[in-house]
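**Student:** Below are the structure tokens for one structure; questions will follow.
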Amino acid sequence: MEEVNQSVVSEFIILGLCSSWELQAFLLVIFSSLYLITILGNIFIVLLIIADLHLHSPMYFLLANLSFIDFCLSSVTTPKMITDFLKENKTISFEGCMCQIFFGHFFGGGEMVLLVSMAYDRYVAICKPLHYSSIMNRQMCIGLVMTSWIIGLVHSVSQLAMIIKLPFCGPKELDSFFCDIPLVIKLACIDTSILEMWINADSGVLATTCFILLLISYSYILFTICLHSKDGASKALSTCTAHITVVVLFFGPCIFIYLWPLSITWVDKFLAVFYAVITPLLNPAIYTLRNKEIKNAIKRL
């Protein structure tokens, strides 16, 4: 039997978001500003929660970890995209490409599980308030965060293991601004249809499981508040709006990128930008702008 060509390309060519130099200069300013705000905002939230004793509670402990993950997630692809706006020839090494895939799925998978943990925290606080302090103790909080990191790591390793040994012998152009599995796997020199099914199943199980758990948690919260409160609908909406908004913003692009691909280049690029750049910026803003305790903590500075 003829052996498959196992030669591996040393680098991939990144086509980026656009080819116009004027538009790239404009996007350079925009994305550099957004990245700076994202980094400073998430670091500020983490330091604020650590420094203010009034915020030493399970909800804010989980929020601080969310901000840290968003800080890491935004740093996986955005700095490379910003520097590429200054280059005529945009490339990324094979090792760098695999690192982007690994850390993107590591932090992304961890954030999915952490969002479920935050939903569980709100479920206990609203549906079992008398048992909140005993259930959401220090050990439980640390366990939830460690679980999110472990599941993110297992998910990332399993994804990378399925593609890192694929033979890449050309073409080597990625029509995006970063490396991700749906794009990279298309450049392999062998038929990857079965492998794509396994990869989608891997991502699908994690994303679908987390999304279903979130739906169950928030449905139960809304039902409980509506049942025990005269103006339950408005209170339930006020309580859960921030969390539900973050869930929709985070899982929406994931569903279209990994579980329900549209195969429309400009749509894929828009969703990728939203997922990698916008979401890490919006998450802390959505939680903090609607949170009176965070606002009071800022005033106490």
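**Student:** Counting each DSSP H run of 4 or more residues in the chain as -39500 (n - 2.57), what helix-only mean residue ellipticity at 222 nm follows after dividing by all residues, to the nearest 500 deg cm²/dmol?
**Tutor:** It lands at -24000 deg cm²/dmol.
**Student:** If you don't mind, another one. Okay, which of segment 68-91 sit inside 16 Å, backbone N to the point 7 Å along the Cα-Cβ direction of Ile13?
**Tutor:** Counting backbone N atoms under 16 Å from the label point, the list is 87-91.
**Student:** Give me the count of lysine pairs in segment 11-300 whose alpha carbons sit under 27 angstrom apart, restricted to pairs 8 or more positions apart or on different chains.
**Tutor:** 25
**Student:** Right, another one. So, with a 1.4 angstrom probe, what is the percent of accessible area on segment 1-123 that is carbon and sulfur?
**Tutor:** Taking all protein chains in place, segment 1-123 shows 70 percent carbon and sulfur surface.
**Student:** Then there is this: Expected output is a single nm value to one decimal: the length gained when fully extending between Thr147 and Leu130, i.e. 0.36 nm times separation in residues minus the C-alpha distance. What is it?
**Tutor:** Difference between extended and current length: 3.6 nm.
**Student:** Any idea how far the Cα center of segment 266-289 sits from the one of segment 90-159, in Å?
**Tutor:** 18 Å
**Student:** Given a Förster distance of 45 angstrom, what is the FRET efficiency for Leu40 paired with Cys169, based on the Cβ-Cβ distance and rounded to 0.05?
**Tutor:** After rounding to 0.05, the efficiency reads 0.55.
**Student:** Okay, next question. Would you mind computing, in nm to one decimal, how far apart the modelled labels at Leu195 and Lys87 are, each placed 7 Å from Cα along Cα→Cβ?
**Tutor:** The modelled label-to-label distance comes out at 2.4 nm.
**Student:** Another question, if that's okay. Expressed in whole Å with the largest first, what are the equivalent ellipsoid semi-axes of the chain derived from the C-alpha gyration tensor as the square root of 5 times each eigenvalue?
**Tutor:** 38, 23, 17
**Student:** Test of understanding: in a Gaussian network model of the chain with alpha carbons linked when under 10 Å, which of Ile101, Ile49, Ile69 would top the mean-square fluctuation ranking?
**Tutor:** Of the options given, Ile49 has the highest mean-square fluctuation.
**Student:** Here's something else I'd like to know. Please work out the average accessible area per residue across the chain, using the 1.4 Å probe convention, and give it in Å².
**Tutor:** For the chain, the solvent-accessible area averages 51 Å² per residue.
**Student:** Can you give the FRET efficiency for Ile255 and His54, using 1/(1 + (r/R0)^6), R0 = 30 Å, r = Cβ-Cβ distance, to the nearest 0.05?
**Tutor:** With a Förster radius of 30 Å, E is 0.20.
**Student:** Now for a separate question. Working from Cα positions, state the angle (0 to 90°, nearest 10) between the long axis of helix 58-84 and the longest principal axis of the chain.
**Tutor:** So the inclination is approximately 20 degrees.
The values are calculated or read from the model by the stated rules, or taken from the named source; none is laboratory data. Being a predicted model, the structure only gives us computed values, none of them experimental. Note that we place each Cβ from the backbone using ideal geometry, even for glycine, and neighbour counts take in every protein chain shown. Ligands, DNA and RNA are stripped out before the accessible areas are found, and what is left, the full protein with its side chains, is counted by its heavy atoms. Shrake-Rupley method; radii C 1.70, N 1.55, O 1.52, S 1.80 Å.
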